[in-house]
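Visitor: Below: one structure in structure tokens.
The values are calculated or read from the model by the stated rules, or taken from the named source; none is laboratory data. Values in this document were obtained by computation on a predicted structure and should not be read as measured data. Reconstructed Cβ throughout: ideal geometry from the backbone, glycine too, with neighbour counts over all protein chains shown.
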Amino acid sequence: MALEIAVTAPAGALVARDAGADRVELCTGLELGGLTPSQALVETVHETGIPAHALVRCRPGGFVHDPDEVALMEREVRTVLRSGAAGVVVGALRPDRTLDEDTLRRFVDAARSVSAVAEVTLHRAVDHAVDPVAAAAALAALGFTRVLTSGGAASARAGSATIARMVEAAGPVQVMAGAGVTPGDVPVLVAAGVAAVHLSAKRSSGGGHDGVPMGTGDDGSAHFVTDAGVVAAARAALDA
């Protein structure tokens, strides 16, 4: 049973590694649901030695992408893999909330053009799909390695029954539970049959500001950092 930690910095990758994580999902803008990390960030995290799967998402918001966005994310897929990422985390939907299979194939093809063994994960766009179970069933034919899901619910624990159905439907594709996961949720998710558990294990850095806002989403709050105690507790719960 694998433990994946979402991190936004090399320091977080080191914390995750040393506290027992098997891999990290690397992104920026975690408070926005995650955005594509820079080339330098991927390179630096690669140097920590823990496998890093880079989120490729060019903007916040929904998962219906126009042709320019798709072309950009294809390039980002290739860039992060060439920079040392072990895999990529991607997703796209059609306006009817079914999987955008053509776009997803382009992402998979872009990844495998760099590395035949690159792992490709469908991100939580699946939780916005009209039928997450049917979406999970389609992933093997598209070449995906795994899917990250909350079972279409606000948290993985709340969606555990649907996650169990996705495990049955996904075949060889690994199902990884994520969204609002705490170490106390691990037994419920293990019982659902998942191959991995994903959590951010975050806490406030305690270093906000009281100055002029830097954007519409900036309220002066501190940024997030990775909490070693939470990672270790999740590792212990999985090992138990």
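Visitor: Of all residues in the stretch 181-206, how many are over 17 Å from the mean Cα position of the chain (by Cα), at pLDDT 95 or above and part of a loop (DSSP other than H, G, I, E, B)?
Guide: 2
Visitor: Could you please find all residues in the stretch 28-53 being of a type in the set (A, V, I, L, M), at pLDDT 95 or above and closer than 22 Å to ALA129 by Cα?
Guide: Scanning the stretch 28-53 gives a single hit, LEU35.
Visitor: Just give me the residues in the stretch 167-185 being under 15 Å from LEU148 (Cβ atoms) and among the polar types (S, T, N, Q), in sequence order.
Guide: GLN174
Visitor: Output the residue which, of all residues in the stretch 145-172 that are of a type in the set (A, V, I, L, M, F, W, C) and within 19 Å of GLY34 (Cβ to Cβ), is surrounded by the fewest Cβ atoms within 10 Å (Cβ to Cβ).
Guide: If we take residues in the stretch 145-172 being of a type in the set (A, V, I, L, M, F, W, C) and within 19 Å of GLY34 (Cβ to Cβ), then ALA154 is surrounded by the fewest Cβ atoms within 10 Å (Cβ to Cβ).
Visitor: Can you find a residue in the stretch 130-141 that is at pLDDT 95 or above, of a type in the set (D, E, K, R), under 21 Å from MET1 (Cβ atoms) and surrounded by 13 or more Cβ atoms within 10 Å (Cβ to Cβ)?
Guide: Scanning the stretch 130-141, I find no residue that is at pLDDT 95 or above, of a type in the set (D, E, K, R), under 21 Å from MET1 (Cβ atoms) and surrounded by 13 or more Cβ atoms within 10 Å (Cβ to Cβ), so the answer is no.
Visitor: Now for a different question. Contact list please: Cβ distance under 8 Å, first residue in the stretch 34-53 and surrounded by fewer than 22 Cβ atoms within 10 Å (Cβ to Cβ), second residue at pLDDT below 95 and small (Gly, Ala, Ser), pairs at least six apart or on different chains.
Guide: Cβ pairs passing all conditions: LEU35/GLY29.
Results for (1) surrounded by 13 or more Cβ atoms within 10 Å (Cβ to Cβ); (2) modelled with pLDDT under 95; (3) over 21 Å from VAL173 (Cβ atoms), shown as yes or no for each residue.
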site	(1), (2), (3)
ARG57	yes, no, no
PRO60	no, no, yes
PHE63	yes, no, no
LEU72	yes, no, yes
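Visitor: A further question follows. So ASP100 passes all but one of these: (1) farther than 25 Å from LEU14 by Cα; (2) surrounded by fewer than 22 Cβ atoms within 10 Å (Cβ to Cβ); (3) touching a Ser or Thr at 6+ places or on another chain (Cβ under 9 Å). Which condition number does it fail?
Guide: (3)
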